[in-house]
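The structure under discussion appears below in the form of structure tokens.
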């Protein structure tokens, strides 16, 4: 991801929502999730140029009851014509192709938040524990620095998935051609249900012990994973 030192803050908004349900819909924006220092939900839109600063106003930010929604999937053909003509009217998961290029989104969220993100080509980093996490991505890479406290579902087409796990969590990880790598803390047990058509499934962690037989006391990480051509790797942190 681009360093935030090269970006300018185009918009900032804060919301005091108890147990927020956060949804982000994006095309080409990079997304970073960090820890909220005050228990509120904070949104920063960052821009890499003067043109992008103007595009930041097109990002929709709505808060209704517990729901906080961001949409950065507007069509911008008047300022960006880099996509082929036959792709201009296509969409994935309800997202319009085109996007607001030159923008990045930074979210600071409390641990009680539920987070859903749909993105086409932007990379995504989640460095804050949330309650539940659901991600759909076409080609961007997904990096999870802190696993959710409950469940994590990630589906990608060609982007790689890497997640660092420090507490018990239920994972559903699916990729068509991207690689999947799960790092697990030493005190955690692991249960895996995985399959791949042409990719390799590798684990440096013994999967033969049952949780009751293991001396690990940090809980169980349950992983359901499938790939078509990507590799799956399970390693210790």
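Residue-by-condition table, conditions (1) under 13 Å from residue 104 (Cα atoms); (2) touching a residue at least 40 places away in the same chain (Cβ under 8 Å); (3) part of a helix (DSSP H, G or I):
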position	(1), (2), (3)
23	no, yes, no
28	yes, yes, no
32	yes, yes, no
53	yes, yes, yes
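For every residue, the table says whether it meets (1) modelled with pLDDT of 95 or more; (2) over 27 Å from residue 50 (Cα atoms); (3) assigned by TED's automatic domain parsing to the domain that holds residue 190.
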| residue | (1), (2), (3) |
| --- | --- |
| 76 | no, no, no |
| 129 | yes, yes, no |
| 146 | yes, yes, yes |
| 158 | no, yes, yes |
| 169 | yes, yes, yes |
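Confirm whether residue 216 is surrounded by fewer than 19 Cβ atoms within 10 Å (Cβ to Cβ) and either in a strand (DSSP E or B) or on the phi > 0 side of the Ramachandran plot (or both). Considered against the rule, which asks whether it is surrounded by fewer than 19 Cβ atoms within 10 Å (Cβ to Cβ) and either in a strand (DSSP E or B) or on the phi > 0 side of the Ramachandran plot (or both), residue 216 comes out as no. Residues that are in a loop (DSSP other than H, G, I, E, B) and more than 18 Å from residue 32 (Cα to Cα) do occur in the stretch 97-116. Scanning the stretch 2-21 turns up at least one residue that is in contact (Cβ under 8 Å) with a residue 60 or more places away in the chain and within 18 Å of residue 143 (Cα to Cα).
The values are calculated or read from the model by the stated rules, or taken from the named source; none is laboratory data. None of these values were measured; they are calculated from a predicted model. A quick note on method: Cβ atoms are made from the backbone with ideal geometry, for glycine too, and the neighbour counts reach across all protein chains shown.
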